[in-house]
């Protein structure tokens, strides 16, 4: 990675961190767990890295690729389960309000 | 930049915007469900354009793994009782940490051991950061899951010299990490660092009482964001950095809000040993 790329990525990191800090201000306590669960699903974005690690050399099961497949399995469970569980919680929340 | 690279980059941009909107809307009761939906669409877009990457050739392996993972995640999410939600979130969060740990290890293994190359310094540093935080998130979340579900005693497990032991282990872990950065092809420093990180995840969560667990899960959620972010630097991938930083930062704020709601300070929660007396969580 050259310095230029690193600096660009550093810009992205710092600005995204600021956005993250500003996004959440007043959250009612009932939403704490769903919000935690929803952002947990977003951290499953590692699935992108896992796909890239699993991607090359079809049929050839090197150790790096087996690690990639393990990552992909865990990341997929995290993403699918995370979004589904969050939706279930929010569904219940809506019914409660009515 | 080829057309393919352009579409991937724009897809990641769209996904990032959807994640930001998603978290924003999740903070209000009336829009929360829509927010979760936006963020799920963002994830689908990110995955979709990643599959267009020129190095993605192992279709069978990818689709088989995603199919199994989807089935497990879906069934687990549908079967879990409403009262067991926090522990389910803890478990999923641990899996996210595991994913970051495995991706970074895979990358180091591929570059240093299989290709015999030496990763650049920035890549090497972010790799060990990603492995360490991912590993701590994994075992820490598993203990939190165990405590919330009653599989591990919910009581705070404290013993004398605990903080000193953690400090010594943390220093040893940093030492192993520096060693691993300098000798990326060697297994010993890599495994040593990984082992200590996994142990530290357990040791830092066991002294915290069951009532404080939601705060800990929220903090570990923030960690898994930071791990994803570090993985983004390893792979030079902007959507990982953006989504990871968003979760890392917003997770930290949410942790603070949750601490305030139960009249505790984050430091007192983390030092542990008080959880069983604080009653309601």
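Some observations on this one:
- Relative to the longest principal axis of the Cα atoms of chain A, the long axis of helix A:63-97 makes an angle of roughly 10 degrees.
- The ranking of B:179, B:59, B:109 by Cβ neighbour count inside 10 Å, starting from the fewest, reads B:59, B:179, B:109.
- Global geometry of the protein assembly as shown, whether rounded, prolate or oblate, following the gyration tensor of its Cα atoms and the 1.5 cut on a/c: oblate
- Using the average count of surrounding beta-carbon atoms within 10 Å as a protection proxy, the listed peptides B:235-243, B:166-174, A:20-28 rank, highest first, as B:235-243, A:20-28, B:166-174.
- Across q = 0.23, 0.26, 0.27 Å⁻¹, segment A:30-92 modelled as identical point scatterers on its alpha-carbon atoms has Debye log10 I(q)/I(0) values of -0.83, -0.95, -1.00, in the order of the q list.
- Per-residue mean of foreign Cβ neighbours for B:208-217 is 1 (Cβ atoms of other chains, 10 Å radius).
- Average beta carbon contacts from partner chains per residue of B:157-164, 10 Å cutoff: 0
- Relative contact order (%) - criterion: Cα under 8 Å, at least six apart; region: segment B:147-203: 31
- Length-normalised contact order for chain B - Cα pairs under 8 Å, 6+ apart - percent: 19
- Look at the alpha carbon pairs under 8 Å that are at least 6 residues apart: their mean separation over the length of chain A gives a relative contact order of 32 percent.
- Theoretical ellipticity at 222 nm over chain A - DSSP helices of four or more residues, -39500 (n - 2.57) apiece, nearest 500: -27000 deg cm²/dmol
- Ranked list, fewest to most other Cβ atoms within 10 Å of each Cβ, for B:122, B:132: B:122, B:132
- Inter-chain shielding of A:3-11 (mean C-beta neighbours from other protein chains, 10 Å cut-off): 3
- Tilt relative to chain A, helix A:32-43 - C-alpha long axis, 0 to 90 degrees, to 10: 20
- Whole-angstrom Cα spans of segment B:128-207 along principal axes, big to small: 42, 25, 16
- Over chain B, the hull volume per residue, using the convex hull of the C-alpha atoms, is 139 Å³.
- Order of A:12, A:79, B:178 under a 10 Å beta carbon neighbour criterion, fewest first: B:178, A:12, A:79
Just so you know, all these numbers are worked out from the coordinates, no wet-lab data involved. Remember, it's a predicted structure, so these values are computed and weren't measured experimentally. No Cβ is skipped: glycine too gets one built from the backbone with ideal geometry, and neighbour counts run over all protein chains shown.
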